[in-house]
Every structure is written in C-alpha cells, then in structure tokens.
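Okay, so here's the structure we're looking at.
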Amino acid sequence: MQAEVRTQMSRMWRVALLSGLALAAAPAHAFIAYVSNEKSNTVTVIDTDSWTVTKTIKVGQRPRGIDFTRDGKFVMVAVGDDDTIQMIDAKTQTVVDSLPSGPDPELFAQDAAGKILYVANENDNTVTVIDLEKRSRLGDIQVGVEPEGMTISPDGKTLINTSETTNMAHFIDTSSRQIVANVLVDARPRFAEFKHDASELWVSSEIGGTVSVIDPKKHEIIGKVTFEIPGLRKEAIQPVGIGMTKDDKTAFVALGPANRIAVVDVASRKVTKYLLVGQRVWHMAFTPDEKYLLTTNGVSNDVSVIDVAAQKVIKTIQVGELPWGIAIAP
Amino acid sequence: MIRWLAGLIGLGLAATSALAAEPASIGVGYLGIAGTRSTLSLVEQPAENDGIAGARLAIEDNNTTGKFLGQRFVLEERRIREGEDVVQAATALAEKNGFIIADLPADALLKVSDALRDRGTLLFNAGAIDERLREADCRANVIHTAPTRAMLADALGQYLVWKKWSRWLLVVGSHDEDKLFADALRRTATRFGAKIVQERTFEDKGGARRTDSGVTLIQRQMPVFTQQAPAYDVLVAADESEVFGAYLPYRTWDPRPVVGSAGLVPRSWDPAQDQWGAIQMQNRFMKLNSRRMSALDMQAWTAARMIGEATSRTNSGDVKNVTDFIKGPDFSVAAFKGTRLTLRDWNLQLRQPILLVDGRMVVSVSPQEGFLHQVSELDTLGYDRPESKCKLK
C-alpha cells in the first residue's frame, strides 16, 4: 500500500500545484511514519526529523496493511484476526472507528478520490469493496486463492489484485468490478506496483524469487527482474515490497530473509546494488520528499532508513515485534 | 497464458452462463487402504479421510485457479479393502485419471508403479516414508511428497545437535518399521556427531491400546524400563508401530526429554503450523473438513497442488507435458513452509523443510542454521545425490 501512499502524495501535490496552493519546495521538515507491528498488536509512530519513536498505539489483533485516507486525516490499519480495518485519527493518534471488511483483511487499495476502498481478504478468496464515506460494504469480487497484493492503476481504471496460491495478477475493471484479465506469475505473488507513467506493472513473487514486469495493456509479462546475491541460496531471496521513485528510474525491492533491499534500474531491469537492512525485510515507504525510504524488518523488529540519493542505510529504529507495513503522513 | 474471463461473480451478479469454452477436465485419482491404524494417544487417532481431505482442499484450490484458465480438476477416491487386488484397483482408477495420489505401503506402491508404467500414469507417493522407494527401488513414474525416514531423522538430529543434546539413549520397538527408523537415527547420529550411549529394545508383547486403569500400570513400567542407563541428554524413541513411544514422556527414570516417535516429533506438517501464511490454509482446511490438518493431509495436498501448479504453468492437462514439467528444472511449488519446494532430480523426492512439533506447538523447523550445503540447505536432510543408489527407470 506504500504505493498508494505515494501515488496519493504525488496526486495531492499535483492538485495543489494546479489549484495554486503550491507550497514552496518541500523543506526538510519532519514527516510522521506509522508502522504496523504484526505480533505486538500496535502501531509505532516515528518522527522522521529526530528518527525517534514518539508514540505506540494499541490496535486490534494482527495489524498488517496500513495506509492513509486520501485526506490525510486517518490511518487505516487492517487487523486481520479481528476481521476489520481500524481507523486511527492522525491528530489524536488513537483508534476512532472501524470498517466492515471481509474476514482476515491484509492489504488494501483506494480509488483516486479516496471514496472507495478495495480490501484483499485472505481467508475467503474475495476482494471486498467498501464505501469509505459511509463506511459500509458495497460488495465482493471473487478472485484467486489467498488474495494479497493490491494496487490501482494511475488512471484509476484498473484494480490489481494478486493471489498467492493461484499465482496470478488479476486485472479488475473498477467501474464494472469484473475481472478482465489474469496474468500468471511466479509462485506466491505478494505485492503489485505500477510505474507512475502506467507503462508497466511490477509484481513480486516471494517463493518464485522474481519480480514480473507486466504490460498492463496487453496483459503480458514483458520481462523479469532476477536477483543473485553471492553466498546466499536462491531460496533465501524472497521479494515482497516494491517502491519506485517518482521519476520511474529506480525501484527498490525488499528481499525478505535475504535481509537486503535490491536497488533496480527500472529501464534495464537490472539490480545495481544490494543494501543490507534488518532481518526479513518486507514493506517500505518513501518520505513524501523522497529523500528517505523506510523499510520494515520483521525478525529484527526494526525499521531501516535509507538515504535514497546516496543509496545507503543511515539509521535503524527499534519498533514493535514483527513490523509489517508502513505508511508516511504528508 | 492469459485468458479473458467471462463468468466471474462481480458484486453478487452471478454470470455463470458465458464461460468461453468447456473447461478441460483433469482427473486425479486417490488410492489408499481402507481403515485406520490405532495410535496410543486418542488425540492422534487419524480420521477416516486422513490424506484424501488434503487432496480435496488442493483440488478446490486448483479449481479456483482453474476457472481462470479453463481447467477443471476432478478427484476420484478408491480405498482398497483387505483381500482386494491393489493393481486391479489402480488400473481401474488409471482409466480416467492420468495422475494418482497414493497412500500405500511400499510393496503395494511398487506393484502399482510397475503395472502402470507403460500407461504413462504419474504416481505421487504421499504416504510411504521408506528410504528404499527413493533408493534401490526408485521408479521414474513415482514422485514422493512424503518425506523419508532419513529426512525426518536428520531434521530431528540437527536440532538435537544444535541444542547440544548429543548423548542419545535410543529405544527401539520390535517391529520392522521401528528398526528402519532406528537405522535412520543411527545414520543421523554418525553424520552430525551425536553419540548413542546405549540402545534398548522395547518388545511388543501384544496388548490393547485402550484400557481402563492403564495409566497406573504404565507409570510403574516406564521408569523401570528406563533405569540404569548411562549418562544421556535425551531419550530417542523409534516406535512407528505405536506400542510404547507416547508412554515415555514424563515417565523416564532420569528426568530427560523424549524425542523421535513421541515428545518432540519430526513431521512434514502439523495442525499447529501457522507461519508463512499457513494459517490461511489451516483455516481453509478446517472449513472444508471440520477437523485439523495432518501430515498425511499435507502430503496429499502438496501432490495435488503440484499437479495444479504444473497444469497452470504449462496451460495443459496432458499427462506427459505435466510430468515433463514437474521433473524439469523450472518446477517448484509453494507449500507454506517458508521456501519453495523442488524435486531432487536423481530420485524424484520433494525437498522440504521438516517441522519439529510437540503436539501443541511447532518447536523448530529444520534444516537448522549452520547446516550448509553447496546446492540447497534442504539437501542436508536425507540421502544426498552422491550417496544415492537410485537409477530412475
């Protein structure tokens, strides 16, 4: 969902520019990061100026997917074992409401207007559609076994869902809410991310050990990113989270138990560098100014801070147990 | 690879009418023995549908994927009763099913594989853990999703060595399979530097597993049986026949943990396994079968999923295509064990992590950290390529 956060940021930014409300180029001010801790049942709040934990919020059971509402007022966190999505008020940093998701929600995506939320429900092979304003359930879309990765195309017309045991990326028309195409990818697809220019969809396969690059118009795989780390067995390389810079030049891929983030040149689809982070790294989020990339390292219970320009890990912040997802406030 | 899809349910609008073409039907047979074995622990008594229940779930999973690809999987079950001819039953099953998942004893499985060889049926051994089926008696038409005794013993042994419990008191049952497990454990001790300080045999003198006042008697027998042992760290029980193993924990003369056939047990799967997304499958299994998922269920699930995986990758239900793909270098399957599972090409054994479980929790998962291998750490479990006597034919 980091993707959505970023898409949202850039969209808001554009809107701001168009409407003449543009602020001066982002000063190096602090942002606030929210990290879901799957085992602690908490969300850790991090100040990106001091890089310190400012608050730990108690949430429901097994928090994983986490994202802001488009207006930036709420943080939504999927608490799978409570079968709901909780809303954290970003001002008071407390849980104030919950959404009627299906059973075991994991990841979710929202439409451009921030009105409709699509939730992957791992337990019953469906994507649940939720009206965010009314906070009510609109219906379900049947997908493959164990839906997980969720993203929406930059034009808002296509919802992508990946199903982990069916091994497909499902292309869903957001207006008809029908599946229009299915692309078979390598085993256990976890995460999907569009290039900002919409020309490519990247899907990570955790067990397959690859990232498939898909032409979203032709619904065909046009390339694959592969990973090789000297001294590491292929089995340990398990790509999950993907983050792409706004200029679509560089992608960062979290490699799970390989404990590394791969820096990928998007044009050539080749890895240029591996950055050692914490153990079992899964998800990530950029700060809105794109100076930093924060990654969640599940087994070492910390967050790594990467200086994006320098491509270096500069900091490690201890958070709760088994940090999973991360979202950063505007 | 990409199929346009009509006929999906969107927001309650059932559109079942317009599936592009009649889906290709892929038949999967399940061949097992009728009846269940009796265990010492009532809790561990296998269900009547042990094994097939896992295959059923995998067929459901395959069909969810299959509806996007125009493939439909159909499962046909056949249970052999005493006195029935296994080859006849297998041949009949092979009429409609190009793939057969078998839960058979080693000898029966060999008969079936030889009888079906010319037909091209692909067999999956989901039940038999015998080493010889992957060694001297290996067959080119049998893929093994069940782990072997050596894999199980090595998985346990690695953990014991990591724990520095390296002095073992080995207690072996008097049945053949107990002795085979003991052989595997001895090999493990030699490989990983553990010492078997003494071996004892527990004779099966017959007797009922369910009795009134049983506990009182067992509580007197087991301390006596385990007394006067040389200094040891852990009691390793080899009791596949379920005669004494489960009686040992908490009753040994010396306060020592029990492992092997009781206490800490190596298994391909356990109802307590909830890592690596397994909770989702455990939930699906429970919903479908109203009970928890056993190791045999998992071995059958994996077999049926391998068929599903290969048919979707090759976009074909043709047995030969699917067989070639499964045996080829690009095949792997995800099975909620934290890593991809692949086949050992020299004997068609599925590489897999082994869980160490105590009946309530997954205590550890082998291979253990530090046991290294030049090809795959999973090959530190069981017989490796250079040791193999298998010549596939």
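Converting phi to 3J(HN,Hα) with the Karplus coefficients 6.51, -1.76 and 1.60 and the offset θ = phi - 60°, region B:366-373 yields 9, x, 7, 4, x, 8, 9, 8 Hz in sequence order, with x at every glycine or proline. The calculated FRET efficiency for the pair A:Gln318 and A:Ala30, based on their C-beta separation and a Förster distance of 25 Å, comes to about 0.85.
In region B:217-241, whose amide N lies under 20 Å from the spot 7 Å out along Cα-to-Cβ of B:Glu82? List them in ranges. Residues B:241 qualify, since their backbone N sits under 20 Å from the label point.
Assign one of three labels to region A:115-204, namely rounded, prolate or oblate, based on the Cα gyration tensor with a ≥ b ≥ c the square roots of its eigenvalues; rounded applies when a/c is under 1.5, prolate when it is not and a/b is larger than b/c, and oblate otherwise. Each step should come with its number before you reach the end.
Numbers: a/c = 1.90, a/b = 1.19, b/c = 1.59.
Oblate is the answer for region A:115-204, as a/c is 1.5 or above yet b/c matches or exceeds a/b.
Placing pseudo-labels 7 Å out from each Cα toward the beta carbon at B:Tyr250 and B:Asp330 gives an inter-label distance of 5.4 nm. Each of B:Phe225, A:Ile328, A:Ser50 was scored by the projection of its Cα onto the charge dipole of the protein assembly as shown, and the greatest displacement toward the positive side belongs to A:Ser50; charges sit on the C-beta of Lys, Arg, Asp and Glu.
Ordering B:Ala58, B:Leu42, B:Ala108 by the projection of their Cα atoms onto the charge dipole of region B:40-165, which places +1 on the Cβ of Lys and Arg and -1 on the Cβ of Asp and Glu, puts B:Ala58 at the extreme positive end. Computed over the protein assembly as shown, the P(r) curve from all C-alpha pair distances, binned at 10 Å from the origin, holds 3, 14, 23, 24, 18, 12, 5, 1, 0, 0 percent per bin. Mean partner shielding of peptide B:336-347, defined as the number of other chain Cβ atoms within 10 Å of each residue Cβ, is 3. The H on the amide N of A:Val180, modeled in the peptide plane, is under 5 Å from the matching H of A:Phe171, A:Ile172, A:Asp173, each at least 5 residues off or on a different chain. Compared with the alpha-carbon gap, the fully stretched path from A:Lys218 to A:Val180 is longer by 12.5 nm at 0.36 nm per residue.
Figure legend: label point modelled 7 angstrom from the Cα of B:Val375 along Cα→Cβ; residues of region B:339-366 with amide N under 20 Å from it are B:339-354, B:366. Dipole size of region A:194-260 about its Cα centre, with +1 on Lys/Arg Cβ and -1 on Asp/Glu Cβ: approximately 100 debye, rounded to the nearest 20. Which percent, nearest 5, of DSSP beta bridges in chain B are antiparallel? About 25 percent, rounded to the nearest 5. Each residue of region A:207-224 was assigned a 3J(HN,Hα) from its phi angle through the Karplus curve 6.51 cos²θ - 1.76 cosθ + 1.60 (θ = phi - 60°); the sequence is 7, x, x, 9, 10, 8, 9, 10, 7, x, 8, 7, 6, 10, 6, 10, x, 9 Hz, with glycine and proline shown as x. Arrange B:Tyr30, B:Tyr159 by Cβ neighbour counts within 10 Å, fewest through most, would you? Listed from fewest to most nearby Cβ atoms, that is B:Tyr159, B:Tyr30.
Paramagnetic label reach from B:Ala115 (point 7 Å along Cα→Cβ; backbone nitrogen cut-off under 17 Å): within region B:138-158, residues B:141-142. When both bridge partners sit in region B:292-393, DSSP labels roughly 100% of those beta bridges antiparallel. Given axes a ≥ b ≥ c from the Cα gyration tensor, I'd like to know whether chain A is rounded (a/c under 1.5), prolate (a/b larger than b/c) or oblate. Judged from the Cα gyration tensor, chain A comes out rounded (a/c under 1.5). Remark: spin-label model distance A:Asp265-B:Thr216 equals 8.2 nm, labels positioned 7 Å along the Cα→Cβ axis.
Springs join every pair of Cα atoms under 10 Å in this Gaussian network model of chain A, and among A:Phe171, A:Phe108, A:Phe191 the largest mean-square fluctuation is at A:Phe171.
In chain B, the ratio of gyration radius to Kirkwood radius, Rg to Rh, stands at 0.99 when only Cα atoms are counted. Across peptide A:174-185, the average count of Cβ atoms from other chains found within 10 Å of a residue's Cβ is 5.
Extending 7 Å from the Cα toward the beta-carbon at both A:Arg137 and B:Asp345 defines two label points whose distance is 4.9 nm. Assuming a ≥ b ≥ c are the square roots of the Cα gyration tensor eigenvalues, decide whether region B:213-287 counts as rounded (a/c under 1.5), prolate (otherwise, with a/b larger than b/c) or oblate. Here region B:213-287 falls in the prolate category. With θ taken as phi - 60° and the Karplus curve 6.51 cos²θ - 1.76 cosθ + 1.60 applied, the whole-hertz 3J(HN,Hα) list for region A:48-60 is 8, 8, 8, 6, 10, 7, 9, 7, 10, 9, 6, 10, x Hz, x standing for glycine and proline.
May I ask you to derive the FRET efficiency for A:Asp173 and A:Gln279 from their Cβ-Cβ distance with R0 = 45 Å, giving the value to the nearest 0.05? Write out the running numbers ahead of the final one.
Values: r = 40 Å, r/R0 = 0.88.
The pair A:Asp173/A:Gln279 has a calculated efficiency of 0.70.
Coordinate-derived values only; no laboratory data. Just so we're clear, the structure is a prediction, and the values are computed from it rather than from any experiment. Every residue, glycine as well, gets a Cβ built from its backbone with ideal geometry; the counts of neighbours run over all protein chains shown.
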